[in-house]
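So the structure is just underneath, and the comments pick up after that.
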Amino acid sequence: MSLREKYSAAIHVAKSVGMQGGAEEANGRLQFKGTVGSEDEKNKIWDALKSVPSWKEDLNAQIDVVAPASTTYTVQAGDTLSKIAKTHLGDANAYMKIFDANKDKLSDPDKIQVGQVLTIPKA
């Protein structure tokens, strides 16, 4: 049985959570390397890897959490950039960060429209 077969359940978990990377056999060990979007996803993969009793002898694994650089938000009735900044960045005064990230869509920080999809930069 190959190591990829032995760890097929863990490979399946990695795919199901959207891990970017892969698993390859090299030098008699499974080289498991990739990135995920959250600590929870990383833990799910590690739980699956560790379910094989010989994992310490079989694996070289590196799973990193990489948070997205930005998210999006759809403007709702009553929203202002300050309100959005307070909710998503924790500081109403950070509204200019949102404005700067959306200069392609916005010409004035006081003129946002319901339904606009704004990029929210990482806090």
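Below, the figures for the structure above:
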read-out: The chain, helix-only ellipticity at 222 nm - DSSP H runs n ≥ 4, -39,500 (n - 2.57), divided by all residues, nearest 500; value: -9500 deg cm²/dmol
read-out: Spatially close lysines, pair count over the chain: Cα under 14 Å, gap of eight or more or interchain; value: 14
read-out: Estimated Rh, the chain: Kirkwood, alpha-carbon pairs, angstrom; value: 17.1 Å
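All of the numbers you see were taken from the coordinates with simple rules; none came from a lab. Keep in mind it's a predicted model, so treat the numbers as computed, not measured.
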